[in-house]
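This report refers to the structure that appears directly beneath it.
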């Protein structure tokens, strides 16, 4: 049942991100639904399941963005591992810690992508600090809404 729920969640995130990118590109720049799903699974599932969700979410994101296959897969797996590890050490079930972990995961996603691009010898236009902060705030607010809805589902 958990596998079906994960696949449905990943499909809904892919559909919502695609629709948001098509119909609201300005709003899509402020949120990354795949990162939110990865953080959610990192905090609520055991580490192996969270890492599998991170890998799957990253590969789906790679296929939708037409980027190098595996780049986002690696970064999302790294994020899910770190969030799961931190979540097992600290209590992250309140609003402010969840917002903080979503914000930090968003910044880490960008930094890991930059590091991988540099390691592969590719040039990547790194967005400015204000853009990254706006992206982190957008993910934080939307992620809190996602956590609230997910807590209400059976």
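The numbers here are math on the coordinates, done by the rules we state, and not lab data. All figures in this text were calculated on a predicted structure; none of them were measured in a lab. Note that each Cβ is placed from the backbone with ideal geometry, even for glycine, and that neighbours are counted across all protein chains shown.
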| query | In nm, to one decimal, how far is the modelled label at residue 111 from the one at residue 141, with both set 7 Å along Cα→Cβ? | reply | 2.4
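Report the gain in length on full extension from residue 67 to residue 134: 0.36 nm times residue separation, minus Cα-Cα distance, nm rounded to one decimal.
Values: separation 67, 0.36 × 67 = 24.12 nm, distance 2.27 nm.
Working it through step by step, the gained length comes to 21.8 nm.
Cut-off is 10 Å between beta-carbons; in what order do 101, 68 appear when sorted fewest neighbours first? It would help to have the intermediate numbers written out before the result.
Numbers: 101 23, 68 14.
Result, fewest neighbours first: 68, 101.
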| remark: By the C-alpha gyration tensor axes a ≥ b ≥ c (rounded if a/c is under 1.5, else prolate when a/b exceeds b/c, else oblate), the shape of the chain is rounded
| Highest GNM mean-square fluctuation, the chain, Cα pairs closer than 10 Å: which of 23, 41, 81? | 23
| said: So for each of 47-58, 5-16, 130-141 I average, over its residues, the number of other beta carbons within 10 Å; can you give me the resulting order with the highest mean first? | reply: 47-58, 130-141, 5-16
